[in-house]
1. Right, I195: part of a strand (DSSP E or B) and in contact with a His (Cβ under 9 Å, 6 or more places away or on another chain) or not?
2. Hey, could you check the stretch 112-135 for residues that are in contact with a Phe, Trp or Tyr (Cβ under 7 Å, 6 or more places away or on another chain) and either in contact (Cβ under 8 Å) with a residue 24 or more places away in the chain or small (G, A, S) (or both) and say which is surrounded by the most Cβ atoms within 10 Å (Cβ to Cβ)?
3. Going by the conditions given, is S231 out of contact with any strand residue (DSSP E or B) (no Cβ under 6 Å at 6 or more places or on another chain) and modelled with pLDDT under 95?
4. Can you find even one residue in the stretch 160-170 that is buried (at least 17 other Cβ atoms within 10 Å of the Cβ), at pLDDT 95 or above, closer than 17 Å to L90 by Cβ and of a type in the set (V, I, T)?
5. Within the bounds of the stretch 170-193, is there any residue that is under 21 Å from E118 (Cβ atoms) and aromatic (F, W, Y)?
6. Any residue that is outside any strand (DSSP E or B), surrounded by 18 or more Cβ atoms within 10 Å (Cβ to Cβ) and not small (G, A, S) - is there at least one of those in the stretch 240-251?
7. Pairs under 8 Å by beta carbon, first residue without any contact (Cβ under 8 Å) to a residue 12 or more places away in the chain in the stretch 243-265, partner loosely packed, with under 14 Cβ neighbours inside 10 Å and acidic (D, E), six or more apart or different chains?
Amino acid sequence: MSDAFSRKTLAKSVLVVLTFLLASWSPMLALPTEISLLEEADITPQKSSMYTATSGYGHDFAGTTLTFDGMVNAVVKEESMFDYWHSQELNNSTIENHGTPDLKLTRHDREHYCWSTEEGPVRTAVHRPSGAWTSSLVDTVASSNSSTLVDCAIGITANELPRVLYADGPDLKMGRYARESATYYDGPRWHTRTIMENVNATHLALDITSEGLEWGLMRTDSGALHQVNFSGAYWTSYLLDRGPVGEDFELEIDDQGVIHILYTR
C-alpha cells in the first residue's frame with residue numbers, strides 16, 4: 001500500500017515537473033519562428049526614393065507636388081529664407097579699386113562696411129533694410145597696389161557708431177566717427193589718429209568690448225600676430241604669437257566680455 005502510494009506520488013511529481021519545464025521552454029521554442037519572421041522583413045525590397053533632384057538640394061522641388069504617405073498631390077513648402085542668395089550691387093566706383101570689405105551686422109539688420117582702396121581713400125558705408133546706402137570718407141592714406149593693399153577692419157559700438165582700424169603705409173591708424181557732443185563740439189565727423197608707427201601690418205581685425213573700447217588684431221609682414229587695444233586712456237600692443245601665422249583669422253567678443261581668437265599657424 002505504501003509502495004503504491006509512493007509510485008503515484010512520484011508520477012504526479014514527475015508530471016508536474018515536466019509541465020513546468022514545458023511551460024518554461026515554450027518562449028524559447030517559439031523564438032526561431034520570430035527570428036525567421038524578422039529576417040523575412042529585413043529582406044523586403046526597399047522602394048526607390050521619390051526625390052529625383054540631380055543636385056540633391058530640397059529647394060530643387062520646392063513648390064512642386066508629390067504623393068506620399070497618404071498625401072495626394074501635396075505641395076512642397078518653399079523655405080525661401082534658405083533657398084537662395086540675393087545679390088545686389090551696393091557701390092560702383094570707376095575711379096577707385098576696392099580691397100576686400102569688412103562687414104558687421106547690427107541690430108535692426110543694419111549692415112556696416114569698411115573698405116580700403118589702392119588709390120588711398122578708406123571708406124565706410126551703412127546699408128539699411130529700407131535699401132538706403134550711405135557712405136563716408138574716413139581718411140586718405142598712402143596709395144598702394146593690389147599686392148600691398150591692407151584691408152581695413154570695422155567695429156560698431158552699442159549706439160551704432162563705427163570704428164575703423166586701418167594702415168597708412170607702415171603705420172597703423174584708428175578712425176572714430178563721433179556725433180556732436182561736449183567732447184566733439186565741431187559736429188559729427190571722423191576723428192583719426194596714428195596709434196602705432198612702422199609696424200607694417202598686413203591683415204587686421206577689430207571688435208568692440210562691452211565697455212565700448214576697441215580691441216583688435218594685427219598681423220605684421222613677419223607673420224607675427226599682435227593684440228592692439230585701447231584701455232580708455234592709451235593704446236597698448238602685445239605679441240600673441242611670433243608666428244608665422246596664417247593670413248586668415250577671426251576675432252569675436254561674446255556677451256560676457258570673453259575674447260575669442262581663431263587663427264592658423
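The values are calculated or read from the model by the stated rules, or taken from the named source; none is laboratory data. From a predicted model like this one, the values you see are computed outputs, not experimental measurements. Note: ideal-geometry Cβ built from the backbone for every residue, glycine included; neighbour counts use all protein chains shown.
1. no
2. The residue in question is S116.
3. Values: out of contact with any strand residue (DSSP E or B) (no Cβ under 6 Å at 6 or more places or on another chain): yes; modelled with pLDDT under 95: yes.
Yes, satisfied.
4. Within the stretch 160-170, not a single residue is buried (at least 17 other Cβ atoms within 10 Å of the Cβ), at pLDDT 95 or above, closer than 17 Å to L90 by Cβ and of a type in the set (V, I, T).
5. Yes, there is a match, as at least one residue in the stretch 170-193 is under 21 Å from E118 (Cβ atoms) and aromatic (F, W, Y).
6. So the first thing to find is which residues in the stretch 240-251 are outside any strand (DSSP E or B), and the list is 242-248.
Now drop any that are not surrounded by 18 or more Cβ atoms within 10 Å (Cβ to Cβ), which leaves 245.
This time we only want the ones that are not small (G, A, S), so: 245.
Looking for residues that are outside any strand (DSSP E or B), surrounded by 18 or more Cβ atoms within 10 Å (Cβ to Cβ) and not small (G, A, S), one finds at least one in the stretch 240-251, hence yes.
7. H260/E250; H260/E252; H260/D254
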